[in-house]
Amino acid sequence: MNDMISVIIPTLNEQQHIHRLIHRLRSMNRTEVIIADGGSVDGTCQWVKPYCRVIDSEPGRAKQMNQGAQQANGEILWFLHADSIISTQMAHSIRSVMQDGSVIGGGFSLQFDDPSRRLRLIAAGSNVRAKYLNLYFGDQGFFIRRSVFEKVGGFPSVPLMEDWLLSRQVKKSGQLKLLSEPIVTSSRRFQKNGIIRTFLLMQKIKLLFLCGVPISHLERMYRRG
């Protein structure tokens, strides 16, 4: 088995947040890092170019991640947010769980960089959803076998909910595993707009999505905050 992991990071003006992630990834063996940039103007690409491969893409997370996957050499694709905080053992954990041929992918247990009780509860809910419903979002460090990713055509070309749609589709092909190691994600959106307000907005978007409201409308709601 080709055990190279291709790490794909969609970016758009993430120069202030990506440094720590790139330094952690550089210490991992048998990994390649691909930055799929959607048109940054803050120096993101110039900063990361000495350390990883940078490709230009149309803006949009799904488009950027699909573009990165097309350039990947590894059999395992690992999608990360630029502000994710990871441990150096995560690549080893992915390889270990993927030795089971029935496992097609998974993610890590979500944790916020703010230890407030409300955000701990929100993270716990996300982990329950991932473990029992096999529905993952991008901030959980979703990883997947490249063959399965290509079989379903990659991320749906939508501006929102692409990670939910992909995980819902691929779980038909095998097991998705939630690993216990925490992946730490930024709470900046919650802090900016308020924890309760942001949480309720996200639940509203999910409910409307399940009710069939057009994703373009949901995206406008999300952008407005």
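The values are calculated or read from the model by the stated rules, or taken from the named source; none is laboratory data. Quick caveat: nothing in here was measured; it's all calculated off a predicted structure. Backbone-built Cβ (ideal geometry, glycine too); neighbour counts: all protein chains shown. With ligands, DNA and RNA removed, areas are computed over all heavy atoms of the protein, side chains included. Shrake-Rupley method; radii C 1.70, N 1.55, O 1.52, S 1.80 Å.
Value of Rg to Rh for the range 97-149, rounded to two decimals, is 1.05; Kirkwood radius and Rg both from alpha-carbon coordinates.
Could you give the length gained on full extension between S147 and N29, defined as 0.36 nm per residue of separation minus the Cα-Cα distance, in nm? Extra length from S147 to N29 when fully extended: 40.3 nm. GNM on the chain, alpha-carbon springs under 10 angstrom: the most fluctuating residue among R145, R117, R129 is R117. For the chain, the per residue solvent-accessible surface stands at 48 Å², with DNA, RNA and ligands left out and a 1.4 Å probe.
Label zone (D3, point 7 Å along Cα-to-C-beta; backbone nitrogen cut-off 20 Å) within the range 154-183: 177-181.
Exceedance of the 25 Å cut-off in Cα-Cα distance is limited, within the set K63/K151; K49/K131; K63/K131; K49/K151, to K49/K131; K63/K131; K49/K151. The modelled label-to-label distance for the pair K49/S180, using points 7 Å beyond Cα in the direction of Cβ, is 4.4 nm. Split the accessible area of the chain by element, probe 1.4 Å, and carbon with sulfur accounts for 51%. The value of relative contact order for the chain, using C-alpha pairs under 8 Å at least six residues apart, is 21 percent.
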